[in-house]
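One structure is given here, and the rest of the page talks about it.
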Amino acid sequence: MSDPKTATGTYSVGRVASLSGVTIRTLHHYDEIGLLSPDGRSDAGYRVYEEADLERLRRILFYRELGFTLKEVQAIVDDPGTDTMGHLRRQRGLLVERIEKLDAMVDAIDYEMEARTMNIRLTPEERFEVFGKFRPEDHAEEAERRWGETDSYKESNRRVSKYKKEDWLRLKAEAEEVQDRLAAAFEAGLAPDSEEAMAAAEAHRQHISRWFYECGYQMHRGLTEMYVSDERFRSQYDKQAPGLALYIKKAAHANAERAEKGDSR
């Protein structure tokens, strides 16, 4: 059956259903419970909706979209202390909260996807215990971009996929020891090509080979280049001692050059 004709500025239930995307049955239900009961009548005696009714329906649908029950929605839209601007402010605030919550959910999903890409098999509690606020995933994209198709990158993923919490804790302790050794040489003012600095750089290279992939001298050069060129890597080292990332790079290069000359491995 077609909708009855309505006066200018009024809308039949069928037209409102079409405009709002809700069913006629839903509009009838809202009418029955007093949530949206239009006062207007067509010439044939049918209820018709006016502009104010459509505005109320818009508010109802907004709060329903945010998960409020019909009872809660009715209390909100019937609040005599809330005018149109008040509703807009309330709706804006609720949307901001929802956006923040959704952003946090997206971040959590991205975090998990990146962790799975790196094959880090730890629970959230174990990850915090091992890494604290440091996020290995923040470096994964750059590493994959540079070396994703290499055997070394695939070997690293294969190895770390087997590591348990105890392995990661040992790895972390050793990494900190190596970094502290490099930082000590740097803070002592030793030249990057000094015996102590190159020995520390060699320990760094061997640490990578032991835990991730076979890190040759040329690869070690490229890796430490990234410590300087990529802000995320550089800040990780420079927060211990400003300039440490560049020092590690220079020491690694000096160590590689010495090895290539055959002076020492």
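The values are calculated or read from the model by the stated rules, or taken from the named source; none is laboratory data. Model, not experiment: these values are computed from the prediction. All Cβ positions, glycine included, derive from the backbone under ideal geometry; neighbour counts span all protein chains shown. The accessibility values were calculated without ligands, DNA or RNA, using every heavy atom of the protein model including side chains. Shrake-Rupley method; radii C 1.70, N 1.55, O 1.52, S 1.80 Å.
Working only within segment 215-263, note down all residues that are more than 21 Å from Ala188 (Cβ to Cβ), open to solvent by 50 Å² or more (accessible area, probe 1.4 Å) and not in a helix (DSSP H, G or I).
Within segment 215-263, Lys261, Gly262, Asp263 meet the criteria.
Mind checking which residues of segment 80-93 are touching a helix residue (DSSP H, G or I) at 6+ places or on another chain (Cβ under 8 Å) and surrounded by 11 or more Cβ atoms within 10 Å (Cβ to Cβ)?
Correct list: Thr82, His87, Arg90, Gln91.
If I go through segment 195-209 residue by residue, how many of them are closer than 22 Å to Val160 by Cα and in contact with a Leu (Cβ under 9 Å, 6 or more places away or on another chain)?
Residues flagged as closer than 22 Å to Val160 by Cα and in contact with a Leu (Cβ under 9 Å, 6 or more places away or on another chain) within segment 195-209 amount to 5.
Yes or no, residue by residue, for (1) surrounded by 12 or more Cβ atoms within 10 Å (Cβ to Cβ); (2) modelled with pLDDT of 90 or more:
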site: Ser2; (1), (2): no, no
site: Val13; (1), (2): yes, yes
site: Val16; (1), (2): yes, yes
site: Leu36; (1), (2): yes, yes
site: Asp39; (1), (2): no, no
site: Leu66; (1), (2): yes, no
site: Val106; (1), (2): no, no
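Check Arg146, Arg181, Arg135 and return the single one that is open to solvent by 60 Å² or more (accessible area, probe 1.4 Å) and either over 28 Å from the mean Cα position of the chain (by Cα) or at pLDDT 80 or above (or both).
Arg181
In segment 41-55, what count of residues is obtained for those that are open to solvent by 80 Å² or more (accessible area, probe 1.4 Å) and not in a loop (DSSP other than H, G, I, E, B)?
Looking only at that region, the number is 4.
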